[in-house]
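*Asks:* Questions regarding the structure given below will be posed in turn.
The values are calculated or read from the model by the stated rules, or taken from the named source; none is laboratory data. None of these values were measured; they are calculated from a predicted model. All Cβ positions, even for glycine, are placed from backbone atoms using ideal geometry, and neighbour counts span all protein chains on display.
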Amino acid sequence: VADGEEFEFQAEVGRVMDIIINSLYSNKDVFLRELVSNAADACDKKRFLALTESDAPPEPMKLRINTNKDDRLLIIEDNGVGMLKDELKENLGRIARSGTANFVKELGSGEADVSLIGQFGVGFYSAFLVANQVDVYSKSFKKESEGKIWKWSSSGHSYSIKEAEETDLFGEQSGTKIVLHLREEAQEYLDTGKLSDLLKKYSEFITFPIELYNEKVQYDQVPDESAPPPKEGEKQKMKSVPRSVYEWDIMNKMKPIWLRNPDVVNQSEYTEFYKTTFKAFDEPMTVTHFKVEGQIEFRALVFIPSTMPFELTRDMFSPEGRAMRLYVKRVFINDKFEDLVPRWLTFARGVVDSEDLPLNVGREILQKSRTLKIIRKRVVRKVLDTIDDLRENDPNKFESFWTSYGKYFKVGLVEDLDYKDELKRFVRFWSSKSGDNQTSLDEYISRMKEGQDKIYFVTGEGRRAAEIAPAMEKMRLKDYEVLYMVDPLDEICSQSIVDYEGKKLVDINKAGLDLDKSEDEKKEMEETTKEFEALATWLKKQLGERVQKVQISDRLVESPATLVQGEWGMSPMMQRYMKSQTT
Ligand code: ADP
Ligand code: MG
């Protein structure tokens, strides 16, 4: 075995370490939650890797926790995916996640709460809240590991890695053992009673068994020598003698929350599950929990976050931002499958647990699976029901839903033919009569003028631009309500809406707008046309190829002339948008 190599932490990790080591933070319990959740993640990852990289089925996975009072050690072990040497360096010496820098800064200035550490991808380092030395033994499940076990070790300032001699990981195939050399003031974590309480709290939502090497007092019945010897026909008097025994006790015997009957789960349990499982800070905006039985069988629990998940703030379809966890018979498969819910529900977080899909389900199988198509359809149905419920019964909540996720629904309307018609009832636009709130198409229709059979809209870069479009003059004069399409997405969306409740959507900026006219108006128009025909011909000649045609129109009130698109033309905003997409 070669001597250990010594490595420096990346500067940012160094800062996290300094803060944690010197932390006077009193609730040090969080370290256990972080290490347990890492171990559970590692089991999830192995499950997935076993599907794609290995022919051997993985051994049953679990977590084990035990103590060594003499040496003041707390040991947390899993038989999950393990880490290669390079992965130890990469994962336990650097910070990959963006957004962590801010957290570190706030942590340093005392603004951030240490208990949030796990949400910033630095949960592991919380081990140093209670330990002055941490050893990590790990054997990777990946083939290139060649069965080697590596030992990562640190007292907080730098770390070393060397090949380990120990072979006492409980996992045959792979796993990680974390040995915490507890600080003197953290001895309480040797107490199995305390550990058992904490583990029950933190492991409730973890689907792998968590075992604690638990000390129990057992009473043996032995002959009581101090008693007088028994007489004929009498029994020897016995006494109880206490004896410590250790056994592996399972800490999480509760059914996973999505398997329970929705009637027996309360809101705070859902919230807790949501926060722990999806590393969320917020409360869920909605909860949809149901089961389907019959030809196909599955359970689903879906949340809509009340604030946009961080990963989606920069890229609304970031694959990293997907978090619908697919389970097959309680076994976690993957949370990044694209086919579980449509793209326009990327922001949903949840669990689907199927009884029918095969355990070795991969992306290709899934794409073709009829079962999955049915699951997807049912999940979307239920989630839309939940949102419909908001829409009908909780306008404020619906408004905040729409502010956050409206753009997803608009995209859905454009790209998802299966749901195009359904999504129309949710869309909201600004309009010339909507005031401070946006309006739905239903509301628009309820305000339509007698005899009006079309839904009018105008495009413009922003509400103000739409408001002052020349074409609006006539509409205002005639008192027609006009929807404002204020960004390229609105505009694409308006094109794919086409019609709603039998009413066509019409762009007032495009030629062919035919507002109802009285006989007098028609006559006047004919005269005007005659009068200005020569001017129009002359203008067309002057402008040549730059315009398609010059037309006398009565759509303006005060402006003398306006540029319009042909009925099938693109608006200037759209043209600019298309251009920006291709360069
Ligand atoms: P996060 O869990 O948010 O990624 P952590 O600081 O908790 O951040 O862990 C960093 C990384 O270290 C994990 O992403 C994982 O790759 C690796 N890791 C930590 N604990 C284990 C473990 N028990 N088994 C395998 N890998 C682990
Ligand atoms: Mg973690």
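*Asks:* Go through (1) crowded, with 18+ Cβ neighbours inside 10 Å; (2) in a loop (DSSP other than H, G, I, E, B); (3) among the hydroxyl-bearing types (Ser, Thr, Tyr) and name the single condition Ser226 misses.
*Replies:* (1) is the only condition that Ser226 fails.
*Asks:* Within segment 46-56, count every residue that is surrounded by fewer than 20 Cβ atoms within 10 Å (Cβ to Cβ), within 29 Å of the chain's Cα centre (by Cα) and of a type in the set (A, V, I, L, M, F, W, C).
*Replies:* Residues that pass the stated criteria total 3.
*Asks:* Answer yes or no: is there a residue in segment 189-200 that is within 16 Å of ligand 1 (Cβ to nearest atom) and surrounded by 13 or more Cβ atoms within 10 Å (Cβ to Cβ).
*Replies:* Yes; the residues of segment 189-200 include at least one that is within 16 Å of ligand 1 (Cβ to nearest atom) and surrounded by 13 or more Cβ atoms within 10 Å (Cβ to Cβ).
*Asks:* Only residues that are more than 12 Å from ligand 1 (Cβ to nearest atom) and basic (Lys, Arg): list them for segment 122-152, please.
*Replies:* Those that are more than 12 Å from ligand 1 (Cβ to nearest atom) and basic (Lys, Arg): Lys143, Lys148, Lys151.
*Asks:* Where in segment 442-508 are the strands (runs of 3 or more DSSP E), entirely inside, with at least 1 residues that are surrounded by fewer than 16 Cβ atoms within 10 Å (Cβ to Cβ)?
*Replies:* In segment 442-508, the matching strands (runs of 3 or more DSSP E) lie at 503-507.
*Asks:* I'd like to verify a number: residues in segment 270-286 that are farther than 25 Å from Leu199 by Cβ and within 14 Å of ligand 1 (Cβ to nearest atom), how many?
*Replies:* Looking only at that region, the number is 0.
*Asks:* Residues in segment 82-103 that are near ligand 1 (Cβ under 9 Å from one of its atoms), among the hydrophobic types (A, V, I, L, M, F, W, C) and touching a strand residue (DSSP E or B) at 6+ places or on another chain (Cβ under 8 Å): how many?
*Replies:* Result for segment 82-103: 3.
*Asks:* Identify, please: which residue in segment 78-92 is among the acidic types (Asp, Glu), within 16 Å of ligand 2 (Cβ to nearest atom) and at pLDDT 95 or above and is, among those, surrounded by the most Cβ atoms within 10 Å (Cβ to Cβ)? It would help to see each step written out before you state the result.
*Replies:* Going residue by residue through segment 78-92, those that are among the acidic types (Asp, Glu) are 78, 86-87, 90.
When the remaining residues are screened for being within 16 Å of ligand 2 (Cβ to nearest atom), the result is 78, 87, 90.
Checking which are at pLDDT 95 or above leaves us with 78, 87.
On the way: Asp78: 31, Glu87: 17.
Among those residues, the one meeting the criterion is Asp78.
*Asks:* Could you go through segment 28-45 and let me know if any residue there is within 16 Å of ligand 2 (Cβ to nearest atom), surrounded by fewer than 19 Cβ atoms within 10 Å (Cβ to Cβ) and not in a loop (DSSP other than H, G, I, E, B).
*Replies:* Yes, segment 28-45 contains at least one residue that is within 16 Å of ligand 2 (Cβ to nearest atom), surrounded by fewer than 19 Cβ atoms within 10 Å (Cβ to Cβ) and not in a loop (DSSP other than H, G, I, E, B).
*Asks:* Another question about this same structure. Need the failing condition index for Glu106 against (1) over 22 Å from Lys177 (Cβ atoms); (2) more than 13 Å from ligand 2 (Cβ to nearest atom); (3) outside any loop (DSSP other than H, G, I, E, B); (4) touching a helix residue (DSSP H, G or I) at 6+ places or on another chain (Cβ under 9 Å), just the number.
*Replies:* All conditions pass for Glu106, except number (4).
*Asks:* Next question, about the same structure. Let me confirm something: among Met17, Met61, which residue is touching a residue at least 40 places away in the same chain (Cβ under 8 Å) and in a loop (DSSP other than H, G, I, E, B)?
*Replies:* Selected residue: Met61, the only one of Met17, Met61 that is touching a residue at least 40 places away in the same chain (Cβ under 8 Å) and in a loop (DSSP other than H, G, I, E, B).
*Asks:* Taking the residues in segment 111-121 that are in contact with an Asp or Glu (Cβ under 9 Å, 6 or more places away or on another chain) and within 13 Å of ligand 1 (Cβ to nearest atom) as candidates, determine which candidate is modelled with the highest pLDDT.
*Replies:* Residue satisfying both the conditions and the ranking: Ile117.
*Asks:* For segment 288-316, enumerate the residues that are under 24 Å from Asp41 (Cα atoms), in a strand (DSSP E or B) and in contact (Cβ under 8 Å) with a residue 40 or more places away in the chain.
*Replies:* Answer for segment 288-316, where residues must be under 24 Å from Asp41 (Cα atoms), in a strand (DSSP E or B) and in contact (Cβ under 8 Å) with a residue 40 or more places away in the chain: Phe298, Arg299, Ala300, Leu301, Val302, Phe303, Ile304, Pro305.
*Asks:* Let me ask something else about it. Which one is nearest to ligand 2 (Cβ to nearest atom) among residues in segment 121-130 that are within 16 Å of Phe9 (Cβ to Cβ) and surrounded by 18 or more Cβ atoms within 10 Å (Cβ to Cβ)?
*Replies:* Here the residue is Gly123.
*Asks:* While we're on this one: With (1) more than 16 Å from ligand 2 (Cβ to nearest atom); (2) in contact with a helix residue (DSSP H, G or I) (Cβ under 9 Å, 6 or more places away or on another chain); (3) of a type in the set (S, T, N, Q) as the list, and Thr100 as the residue in question, which single condition is left unmet?
*Replies:* (1)
*Asks:* If you check Ile76 against the conditions, is it β-branched (Val, Ile, Thr) and closer than 30 Å to Tyr246 by Cβ?
*Replies:* Working: β-branched (Val, Ile, Thr): yes; closer than 30 Å to Tyr246 by Cβ: yes.
So Ile76 fits the description; yes.
*Asks:* Sticking with this one: Kindly indicate the residue of segment 37-60 that is more than 28 Å from Leu129 (Cα to Cα) and of a type in the set (Gly, Ala, Ser) and also farthest from ligand 1 (Cβ to nearest atom) among those meeting that condition.
*Replies:* The residue in question is Ala56.
*Asks:* Residues of segment 244-287 being surrounded by fewer than 16 Cβ atoms within 10 Å (Cβ to Cβ), in a strand (DSSP E or B) and not charged (D, E, K, R), which ones?
*Replies:* Result: Ser244, Val245, Tyr246, Trp248, Ile250.
*Asks:* Looking at segment 454-498 only, could you name the residues that are closer than 12 Å to Ile508 by Cα and of a type in the set (A, V, I, L, M, F, W, C)?
*Replies:* Ile455, Phe457, Val458, Ala466, Ala469, Ala471, Met472, Met475, Val482, Leu483, Met485
*Asks:* So which of Asp520, Asp499, Asp487, Asp516 ends up being charged (D, E, K, R) and modelled with pLDDT of 90 or more?
*Replies:* Answer to the check: Asp499.
*Asks:* From Glu34, Glu6, Glu77, which residue is touching a strand residue (DSSP E or B) at 6+ places or on another chain (Cβ under 8 Å), acidic (Asp, Glu) and near ligand 1 (Cβ under 9 Å from one of its atoms)? Step through it out loud before you land on a result.
*Replies:* On the way: Glu34 fails: touching a strand residue (DSSP E or B) at 6+ places or on another chain (Cβ under 8 Å); Glu6 fails: near ligand 1 (Cβ under 9 Å from one of its atoms).
Just a single option satisfies the conditions, and that option is Glu77.
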